[in-house]
Structures are given as C-alpha cells and as structure tokens.
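Asker: The following block contains the structure, expressed as structure tokens.
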Amino acid sequence: MSKTTPIEEIVEVLRKAPTVALFSHVSPDGDCIGSMLAIGLALEKMGKEVSFFNPDPVPTYLTFLPGSSRIRQDFPNPQPKTLIFVDCTDFQRVNLSRTEISHESTILNLDHHISNQFFGDINWVDAQASASAEIALALINKLGVKIDGDMATNLYTAIVTDTGCFQYSNTTAQTHRLTAELLDIGLDLTGIHHNIFDQKPLAQIELLQYALNGLEIQANGQLAVMTLSLEDFQKCHAEQELSEGLVNYARSIAGVEVAVLLKEVGSQEIKGGLRSNLWLNVNEIAAQFGGGGHKRAAGCTFRLSMAEAKRNITAAIEEALKIGRDH
C-alpha cells in the first residue's frame, strides 16, 4: 500500500475544510502576498469561506493585487480549524507562537525557504522552488481549480518579485515553464511591471540617498554595508517597507560578493538583510544570529545597538569570505 504524500494530505484536508484562514509573513513581499491571495481565491472557487491575515499592512506597490484589500491585521476570530501558512519559515515570521493556535486546528505549511522549521502538522516545503508561488500554483492545479486572471496576476507577481525578474540564481527552467502557463491565461504585463517597478515613492528614493551616504566597502571590496537609522526613516517620512530592495544597490557594485542592509526598527532592534552574488551562502551567516532564508538572500534580527550589530555581522561575513577564498 503506497504511503500518502504531504501534497496529497494537504489536498485532502482542504477538500474537506469549510473554512480556511491564510497567513503570510511580516514585512510582506510579492511572493507571500501573491501566493496567499492566489490560494485563497482558488479555495473560494471551491465554495470555501476564506480569510487572509498578515501582521503588517500590504505594501503600497502591491495594493493593485486582486484581493489585497481583504488582508487583515487582526487574528481571525473565531479561529478556523484549517490554517495555511504561506512563505513562512516558522511561527515567529507571523508574530505568533504555537500557544496562540488552537490544538483543534490543522496547520498547513507551504514554503520554499531552506531554513523552514517544518512547524506544520503537514509540511509542503520545496527549497528548489524559486518562490512559494510555484508551490501555490501546483496546489491549485492539484485541487482541480481552473486558474483565472486574478489568480494568475497574483502568482506572476509572486514569481517575478522573488526571482528579481528572473535574474536570481533561484530561477530554473521550471520557473519559466510555470510562468508561461500563467502568460497563456492572459496577463496585463505592462500594468503589473509598472506597479511593481516603476512607481517608487519619493520617500523611497530619499531613503536610498541616506543608505548610500553611509555605504562602506570592506573585505578588499567584497563586502558592501549600508545602514538606516530610525531618524533616517523619520526624515524621509518613510515606512519600513520602503527599504525593501535597497540592499540590491550595494550588491550591484562591481567586485562585491555580499551586501548587507542594517535598519533600525526599534530601540536595540536591528533587522539585517543579506544578499550575495555568486557563491557565499548567506543563509548560514544569518543562521548564526537566529535568522535564515535562502543561500543568496537571507535575514536576521539583532537585539543590539546598530554599532554592535554592524560589528557582529561584518565579522561573520569577513570570516566566511576568508574561508571561501582559502578553499
């Protein structure tokens, strides 16, 4: 007798569930929002009652996504017995703990991060997927739901943002095949790309100025570090979400292997975003500080001053670069 796979188990649970709540991670990006919305819209086509949850507001550049206005910051009450966590490595990514979730609820964990903690009752984690959207698309097909334009818009946005317009090393032949499937459905590519890439608030550009003003090049040109203080955000009248992607300006400098953006989000609380170009595994570095993500993109949080956080992350990266050069 063949053993049931996690994919089959998730499909079975969802077919039977009358009500489903979907969750995505703090500081939401295109993948977590787009994937969550696509799955939710598909479940509604099956006659399910669906709610969407994220601890933070939807970033302005993603508010064009179909269904985005329905995402709430309040925990669903009453709590459905079927909960789907999308693009989350653990409960902390949703600002939740296991004790806040009813023991009667079934937790479905859909993710593509190599650092996933397999916290669900059923886990569908594929670290080879370029985005959680690849898993979401596979799930919708397994459920037998025909993907419409709204779902396709959400899924395409998820993929195009998490692959950096298909530039990052996580892009595979399968990524392009799935994207072609979405294009065949019909998408307003010009409109999607305009919303995502061509509509940057002035405050974001001003924030970039502050980040570049503090740019430091270290480790013989292989490491670029940028910092943003709470005061910088206040001067620009910028929300934290507007720092998303700024680290890539440092990563694009010739000769740089790894770039870091450290941003102050509270007293003694620094969030670090790490990106590498060709070979350094930044997931391993982030893990040293309780974080994680992917080999080329990861993050972590420090309960330290900016100076201490910068000193710690710089030392860890310089050591990893040295070991890499020596081997």
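Asker: Is one or more of the residues making up the range 266-274 farther than 21 Å from D90 by Cβ, surrounded by 14 or more Cβ atoms within 10 Å (Cβ to Cβ) and in contact (Cβ under 8 Å) with a residue 12 or more places away in the chain?
Answerer: no
Here's the yes/no breakdown for (1) outside any loop (DSSP other than H, G, I, E, B); (2) crowded, with 24+ Cβ neighbours inside 10 Å:
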| residue | (1), (2) |
| --- | --- |
| N123 | yes, no |
| S130 | no, yes |
| L137 | yes, yes |
| I140 | yes, no |
| V145 | no, no |
| M151 | yes, yes |
| A158 | yes, yes |
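Residue-wise test of (1) of a type outside the set (K, R); (2) at pLDDT 95 or above; (3) open to solvent by 50 Å² or more (accessible area, probe 1.4 Å); (4) farther than 30 Å from D198 by Cα.
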{"site": "T19", "(1), (2), (3), (4)": "yes, yes, no, yes"}
{"site": "G34", "(1), (2), (3), (4)": "yes, yes, no, no"}
{"site": "L37", "(1), (2), (3), (4)": "yes, yes, no, no"}
{"site": "L65", "(1), (2), (3), (4)": "yes, yes, no, no"}
{"site": "N77", "(1), (2), (3), (4)": "yes, no, yes, yes"}
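Asker: Looking at the range 39-63, which of its residues are polar (S, T, N, Q) and open to solvent by 10 Å² or more (accessible area, probe 1.4 Å)?
Answerer: Of everything in the range 39-63, those that are polar (S, T, N, Q) and open to solvent by 10 Å² or more (accessible area, probe 1.4 Å) turn out to be S51, T60, T63.
Asker: Within the range 98-122, how many residues are under 18 Å from D31 (Cα atoms) and not aliphatic (A, V, I, L, M)? Outline the logic, then answer.
Answerer: At the first step, the residues of the range 98-122 found to be under 18 Å from D31 (Cα atoms) are 108-116.
Pick out the ones that are also not aliphatic (A, V, I, L, M) and you get 109, 111-113, 115-116.
So the answer is 6.
Asker: Let me ask something else. Of the residues that make up the range 303-312, is at least one buried (at least 22 other Cβ atoms within 10 Å of the Cβ) and either hydrophobic (A, V, I, L, M, F, W, C) or free of Cβ contacts under 8 Å to residues at least 12 places away in the same chain (or both)?
Answerer: Scanning the range 303-312 turns up at least one residue that is buried (at least 22 other Cβ atoms within 10 Å of the Cβ) and either hydrophobic (A, V, I, L, M, F, W, C) or free of Cβ contacts under 8 Å to residues at least 12 places away in the same chain (or both).
Asker: Looking at L223, is it closer than 25 Å to D56 by Cα, surrounded by 15 or more Cβ atoms within 10 Å (Cβ to Cβ) and in contact (Cβ under 8 Å) with a residue 12 or more places away in the chain?
Answerer: Criteria not met by L223.
Asker: Open to solvent by 40 Å² or more (accessible area, probe 1.4 Å) and touching a helix residue (DSSP H, G or I) at 6+ places or on another chain (Cβ under 7 Å) - does that describe any residue in the range 191-199?
Answerer: Yes, the range 191-199 contains at least one residue that is open to solvent by 40 Å² or more (accessible area, probe 1.4 Å) and touching a helix residue (DSSP H, G or I) at 6+ places or on another chain (Cβ under 7 Å).
The values are calculated or read from the model by the stated rules, or taken from the named source; none is laboratory data. Bear in mind that the values here come from a model prediction, so they are computed numbers and not experimental data. All Cβ positions, even for glycine, are placed from backbone atoms using ideal geometry, and neighbour counts span all protein chains on display. Keep in mind that these areas ignore ligands, DNA and RNA; they rest on the heavy atoms of the full protein, side chains included. Shrake-Rupley method; radii C 1.70, N 1.55, O 1.52, S 1.80 Å.
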